[in-house]
Amino acid sequence: MGLLPKKDAKLITDPLLDNNPITIQVLGICSALAITAELKASIVMAVAVMAVLAIGNVVISLLRNVIPSKIRIIVQLVVVAALVIVVDLILKAFAYELSKTLSVFVGLIITNCIIMGRFEAFALANTPWRSFLDGIGNAAGYGLILIIVGFFRELLGSGTLFGIPVLGDPIEKTGVYAFGYENNGFMLLAPMALITLGIIIWVQRSRNESLIED
Amino acid sequence: MGLKQNLHDFKQKNKDKKWLPLFSAFHTFLYAPDEVTHNGTHIKGADDLKRTMNTVIMALIPCLIFGMFNAGYQHNIQTGDATHVSVGFFSSEFWTAANFWIGFAKILPLVIVSYVVGLGVEFIFAIKKGHEVEEGYLVTGMLVPLIVPVDIPLWMLAVAVIFGVVIGKEVFGGTGMNILNPALLIRAFLFFAYPTWMSGDKVWVAGAVERTKEIAVGTSADAISGETILGSLAQGQEVAHSVADMFYGFIPGSVGETSTLLIILAALFLIFSKIGSWRIMLSSVLGALVMGLIFNQFTASGIIAEGTKFYGLMNTPFWHHLLIGGFAFGTVFMATDPVTASQTNKGKWIYGFLIGFMSIMIRVFNPAYPEGVMLAILLMNVFAPTIDHFVVQGNIKRRLNRAKVKTA
């Protein structure tokens, strides 16, 4: 990234791969399992988390010198809760159907460990600009995994991408369905999301052995 | 120099080759390995892993052959080429070559796909990891075709086998390290991934699915349907099969699980060859009977009225549960899997009892999962280490207490 100095660019690129919040730190798993049956929902969730995390990081970073450390968790919660409510309302206003699919999980962004984790670990000790980049980077790492999982689950589970059939029509038996292919209903269930995630972690760690713990 | 020596020399010559495990797998399959333990234990039993596996496969062969006859028999009954008469086990209606060839042509591909795909995955992992190919798949590969409906598409079976072997076994470290029974995991995968091929009344009889398609395009008018007994009971229908049919296995169902008689013989064989645990088999039968009796009490005392949701299955005489569905097969061949079952004797009693108890409970309360025994065994597989832990801890505590009393 030529736009940013190397040190700042690392804030964005690191969480994408070698320090990915989901596959390496194993944070934010619950939402990754719950809403990844459709690619569209995964992307919306990724964007929502990115907005909350980036703005939240900036706000916390701005306040970092005035927050008394004893009540900092409460302050962080207030900030993230306010942002999540805004995101939720925006979704309800402009993408009502999607907000119904995501249902409670938008609200549960508040408890997403990645957000509190970044507030605690990064925003409280860094400048607003760096915190902003860190928020974007971590949310992008989270979103990347969500999108990969969502891609495979929707493709293999429903035979669609973004709700558009790409493998043919399962009822009319066109496309690959003509050869006897069938959608894998198991991919739509949460256990398969966990297994897909596990396979991603497996692939990642076998490509980069330094990530394997003891 | 005979073949044996040639093979041995060949092995010595290619010691460092990457594909050697592949060769050794076939080598040791043909000849017992001559390398023995170099230190430590000097007295060894002859029943190594391969012998154990072969014994179980021998016990499975009668079920497989019966399954071939039965697949053809059920098909012929539905197409009108055979008549269903309630007769003894050696009925000449059943043991016909025509029946056998239909079943053989259907089931042999299942066996081949199961072994080729499963062993293929094992070989790939063995070469990658550079260790000997493990024998673990020998039994799984035979179990898998016996617990699926006869009409299952081969590619689905292949996908499920890859899933079962990789996720169920290899990620845990291969044979002997798995938490869940791989064969049941493969079946569970199929069950959740492709439910229309694993349940309902269209899949249990060979040719039923094709016939449904023919009806749809109008080339044939006679539907083939063979509901399993559990399916009929769950829907509150009359069961068209006699108890003798259930016992002998002349009923629709997964390939190898219908004949309770043959499974009992296999169980005796496994018990006398000390491969299968009689504790697990016995306690699991007890568990099923207890649960069945409890349900019978519900209906007898009128808590569950006739015509309500669970009545059909609850009112089934409690001992029928042992004959229908995959209960007998699962109990004898899968619950006793030495890797995934409890290891302690007391643990085996608890483990087996809960499998039987829960199989019947799942069967009755959730007609969508008529094969409760599969889910019950998988669930108890997960709990087996916990059961063992408490048994061992309990033993330690008891002995500690005894030691304390003595010193006091």
Subject >> Solvent-accessible area of A:Val66 with every protein chain in place, 1.4 Å probe, in Å² to the nearest 10 >> reply: 110
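Once every DSSP H run of n ≥ 4 in the protein assembly as shown is given -39500 (n - 2.57) and the sum is divided by its residues, what mean residue ellipticity at 222 nm do you get, rounded to the nearest 500 deg cm²/dmol? Intermediate values should be presented prior to the final figure.
On the way: 25 runs with 377 residues, N = 622.
Result for the protein assembly as shown, helices only: -20000 deg cm²/dmol.
Could you size up the charge dipole of segment B:265-394 around its Cα centre, putting +1 on the beta carbon of Lys and Arg and -1 on that of Asp and Glu, and report it in debye to the nearest 20? Numbers along the way, then the final one.
On the way: 6 positive and 4 negative charges, 41 e Å.
Its charge dipole is roughly 200 debye.
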Subject >> Using a Förster distance of 45 Å, the FRET efficiency for B:Ser24-B:Asn315 (Cβ separation, nearest 0.05) >> reply: 0.20
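Ordering A:Val26, A:Val49 from largest to smallest accessible area (1.4 angstrom probe), what's the sequence? Present the calculation step by step, with values, prior to reporting the outcome.
Working: A:Val26 75, A:Val49 0 Å².
Largest to smallest exposure gives the sequence A:Val26, A:Val49.
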**OP:** Provide the gained length on full extension for the span B:Arg51 to B:Asn14, in nm with one decimal, where the gain is 0.36 nm per separating residue minus the Cα-Cα distance.
**Re:** 10.6 nm
Original post:
What FRET efficiency comes out for the pair B:Ala300/B:Val382, r = Cβ-Cβ distance, R0 = 51 Å, nearest 0.05?
Top reply: 0.90
Original post:
Check B:Gly256: other-chain or 5+ apart residues with amide H under 5 Å from its amide H, H built from backbone geometry?
Top reply: B:Ile147, B:Val148
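Quick one: dipole size for the protein assembly as shown, taken about the Cα centre, charges +1 on Lys/Arg Cβ and -1 on Asp/Glu Cβ, in debye to the nearest 20. Write out the running numbers ahead of the final one.
On the way: 44 positive and 41 negative charges, 505 e Å.
Magnitude of the dipole: close to 2420 debye.
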Original post:
Per the 1.4 Å probe, what fraction of the accessible area of the protein assembly as shown, in percent, lies on carbon and sulfur atoms?
Top reply: 68
**OP:** For a label point 7 Å from the Cα of A:Ala125 along Cα→C-beta, name the residues of segment A:67-101 whose backbone N is under 17 Å from it.
**Re:** A:67, A:69-70, A:72-73
**OP:** Would you please give the residues with an amide H less than 5 Å from that of A:Leu161, counting only those at least 5 places away or on a separate chain, with H modeled from the backbone geometry?
**Re:** A:Val166
**OP:** Starting from the Cα of A:Arg207, step 7 Å toward the Cβ, then list every residue of segment A:1-36 with an amide N under 12 Å from that point.
**Re:** A:17-18
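Enter the buried accessible area of the A/B pair, total of both sides, probe 1.4 Å, in Å² rounded to the nearest 100.
Numbers: alone 11340 and 19740 Å², together 30130 Å².
The A and B chains share an interface burying roughly 1000 Å².
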**OP:** Would you mind giving the mean number of other chain beta-carbons within 10 Å of the Cβ of each residue in A:180-189, as a whole number?
**Re:** 5
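May I ask you to derive the FRET efficiency for B:Leu265 and B:Val111 from their Cβ-Cβ distance with R0 = 25 Å, giving the value to the nearest 0.05? Don't skip to the answer; put the middle values down first.
Numbers: r = 21 Å, r/R0 = 0.84.
After rounding to 0.05, the efficiency reads 0.75.
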Subject >> Exposure of A:Leu62 as accessible area (Å², to 10), given a probe of 1.4 Å and all protein chains >> reply: 110
Original post:
Karplus couplings for segment B:255-261 from phi (6.51 cos²θ - 1.76 cosθ + 1.60, θ = phi - 60°), rounded to Hz, Gly and Pro as x?
Top reply: 3, x, 9, 7, 8, 5, 4
Original post:
Hey, if we sort A:Glu97, B:Glu135, A:Glu38 by accessible area with the 1.4 Å probe, largest down, what's the order?
Top reply: A:Glu97, A:Glu38, B:Glu135
Original post:
Here are some pairs, B:Lys128/B:Lys346; B:Lys169/B:Lys348; B:Lys129/B:Lys274; A:Lys40/B:Lys129; B:Lys13/B:Lys129; which of them have Cα atoms lying more than 29 Å apart in this structure?
Top reply: B:Lys128/B:Lys346; B:Lys129/B:Lys274; A:Lys40/B:Lys129
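The values are calculated or read from the model by the stated rules, or taken from the named source; none is laboratory data. Quick caveat: nothing in here was measured; it's all calculated off a predicted structure. Heads up, the Cβs are rebuilt from the backbone with ideal geometry, glycines too, and the neighbour counts pull from every protein chain shown. With ligands, DNA and RNA removed, areas are computed over all heavy atoms of the protein, side chains included. Shrake-Rupley method; radii C 1.70, N 1.55, O 1.52, S 1.80 Å.
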